[in-house]
Amino acid sequence: MSRRSTVLACLVTSTLFTLLTALTATPAQAATPAQAAGGYADTDYVALGDSYSSGVGAPGQVGLCLQGSSGYPAQWNRANDPRSFLNLACVGAQTADVRNLQLPFVSSRTDLVTVTIGGNDAGFAPAVISCTLGTDAGCAAIVASAQDFVHATMPGRLDATYAAIRRKAPNAEVVVLSYPILFDTSTSYCGIAGLSLAKRQVLNAGTRDLNDLIEERAKEAGFTYADVRDNFTGHGVCGPSPWINGLTVAPPTNSWHPNAGGYTYGYLPALESALD
C-alpha cells in the first residue's frame with residue numbers, strides 16, 4: 001500500500017470511529033463550574049498534522065495513523081473535556097496531506113485547531129537516518145540540502161496549508177506547534193552507536209531553521225505559534241533525562257519522536273500556555 005493510500009485509509013477509519021462513538025455515547029454531562037466559567041465545554045477541537053501530533057513515540061498508538069493516547073492532543077482532550085475531539089493527524093503526513101486528506105473532515109464549526117507539519121516535507125527522517133549511517137561531512141551535506149529546500153520551497157507549502165486551514169475553520173483558534181531540538185549537545189559522548197557531536201549539531205541547526213520558518217509563516221497567517229523548544233532543553237537524545245526516543249528497533253517508527261514525558265512535559269504545557 002502506498003504512503004498516501006495508508007494515510008487516507010487511516011483518516012477514514014479514525015473518522016468513522018469517532019463518528020460512531022459520538023452516536024453511541026451517553027448524553028453529555030452538564031458543564032463543570034470551571035467550564036461554565038470559561039472552559040472548553042462548548043469547544044470543538046481538531047488535531048491536524050504529522051506523527052508529532054498523532055502521538056508516535058509514546059504508549060497507546062493505534063490504527064494505521066498511529067494515533068496515541070499519550071500524544072498531546074489526546075492528553076489535552078482528557079484534561080479539558082471539550083464538546084468534541086477529532087484527531088486527524090497521521091504518521092508520515094506532509095503539508096499536501098493536511099490539505100487534501102485531513103481538512104475535508106474538518107467542520108466549519110471547529111473552534112480549536114492544533115497542527116505540527118513540515119518535517120516530512122523537509123525530509124527530516126531520511127536526513128537523520130543518513131546521518132546515522134554516514135560520515136560527518138556527508139551528514140552536513142544532506143542537512144544543507146534540506147535547509148535549501150526549507151528556504152526555497154517550504155514557505156509556499158506552509159502558506160498554502162495555513163490558508164486552507166483558515167478556509168475550512170474560519171472562526172477557529174489555530175495553534176501551530178514547533179518541533180523539539182532532538183539532540184543534546186552538552187557532551188561529545190552519545191553512547192557506543194550514538195551520533196557524533198558534529199552530526200547532532202548540524203541536525204539541530206536544520207531543525208532550528210525549519211522552526212524559525214514555521215513561526216514566521218504561522219504568525220503571518222494570524223495563527224498562534226507555540227514553541228516547545230525551551231520545554232525540551234536538557235531532555236534531548238543523548239541527554240541524561242531524554243524526552244525523545246533515540247534509534248528504536250521495535251517499533252522503528254518511535255525513533256526520534258517524543259516519549260510519554262516529551263508529550264506530557266514538553267508539548268502539552270506549550271499548548272496550554274498558548275491558549276492562556
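The values are calculated or read from the model by the stated rules, or taken from the named source; none is laboratory data. Because the structure is predicted, anything quoted here is derived from the model rather than measured. All Cβ positions, even for glycine, are placed from backbone atoms using ideal geometry, and neighbour counts span all protein chains on display.
Matching residues to (1) at pLDDT below 95; (2) over 14 Å from the mean Cα position of the chain (by Cα); (3) farther than 29 Å from I244 by Cβ; (4) buried (at least 18 other Cβ atoms within 10 Å of the Cβ):
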{"residue": "L23", "(1), (2), (3), (4)": "yes, yes, yes, no"}
{"residue": "Y40", "(1), (2), (3), (4)": "no, yes, no, yes"}
{"residue": "D50", "(1), (2), (3), (4)": "no, no, no, yes"}
{"residue": "L88", "(1), (2), (3), (4)": "no, no, no, yes"}
{"residue": "N100", "(1), (2), (3), (4)": "no, yes, yes, no"}
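Looking across the stretch 180-223, the residues that are among the β-branched types (V, I, T) and either exposed (fewer than 15 other Cβ atoms within 10 Å of the Cβ) or free of Cβ contacts under 8 Å to residues at least 60 places away in the same chain (or both) come down to I181, T185, T187, I192.
The residues of the stretch 219-232 that are over 19 Å from S54 (Cα atoms) and either of a type in the set (D, E) or modelled with pLDDT under 95 (or both), listed by number, are E220, D230. Looking at Q67, is it buried (at least 20 other Cβ atoms within 10 Å of the Cβ) and either in contact with a helix residue (DSSP H, G or I) (Cβ under 6 Å, 6 or more places away or on another chain) or under 15 Å from Y45 (Cα atoms) (or both)? Here the answer is yes, as Q67 does meet what is asked. Taken over the stretch 102-128, the criterion of being assigned to a helix (DSSP H, G or I), farther than 13 Å from T161 by Cβ and more than 14 Å from the chain's Cα centre (by Cα) is satisfied by P104, F105, P126, A127, V128.
Would you please name the residue that is farthest from A122 (Cα to Cα), looking only at residues in the stretch 158-178 that are in a helix (DSSP H, G or I) and in contact with a Leu (Cβ under 8 Å, 6 or more places away or on another chain)? Of everything passing the filter in the stretch 158-178, K168 is farthest from A122 (Cα to Cα). When you look at V12, is it outside any loop (DSSP other than H, G, I, E, B), modelled with pLDDT of 50 or more and either closer than 17 Å to S107 by Cβ or over 14 Å from the mean Cα position of the chain (by Cα) (or both), yes or no? So V12 does not fit the description; no.
Filter the stretch 123-179 down to the residues that are among the charged types (D, E, K, R) and loosely packed, with under 14 Cβ neighbours inside 10 Å, then identify the one that is farthest from V228 (Cα to Cα). The qualifying residue farthest from V228 (Cα to Cα) is R167.
When we screen V7, V46 for residues that are at pLDDT 95 or above and either in a loop (DSSP other than H, G, I, E, B) or under 20 Å from the mean Cα position of the chain (by Cα) (or both), the only hit is V46.
Mind checking whether some residue in the stretch 150-157 is under 30 Å from R99 (Cβ atoms) and assigned to a loop (DSSP other than H, G, I, E, B)?
Looking through the stretch 150-157, at least one residue is under 30 Å from R99 (Cβ atoms) and assigned to a loop (DSSP other than H, G, I, E, B).
Quick check on the stretch 179-197. Is at least one of its residues in a helix (DSSP H, G or I) and either farther than 24 Å from C139 by Cα or among the hydrophobic types (A, V, I, L, M, F, W, C) (or both)? Yes, because at least one residue in the stretch 179-197 is in a helix (DSSP H, G or I) and either farther than 24 Å from C139 by Cα or among the hydrophobic types (A, V, I, L, M, F, W, C) (or both).
Every residue, every condition in (1) modelled with pLDDT of 95 or more; (2) within 22 Å of C131 (Cβ to Cβ); (3) hydrophobic (A, V, I, L, M, F, W, C), yes or no:
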site	(1), (2), (3)
P180	yes, yes, no
I192	no, yes, yes
T207	yes, yes, no
H235	yes, yes, no
P242	yes, yes, no
T248	no, yes, no
P251	no, yes, no
D276	no, no, no
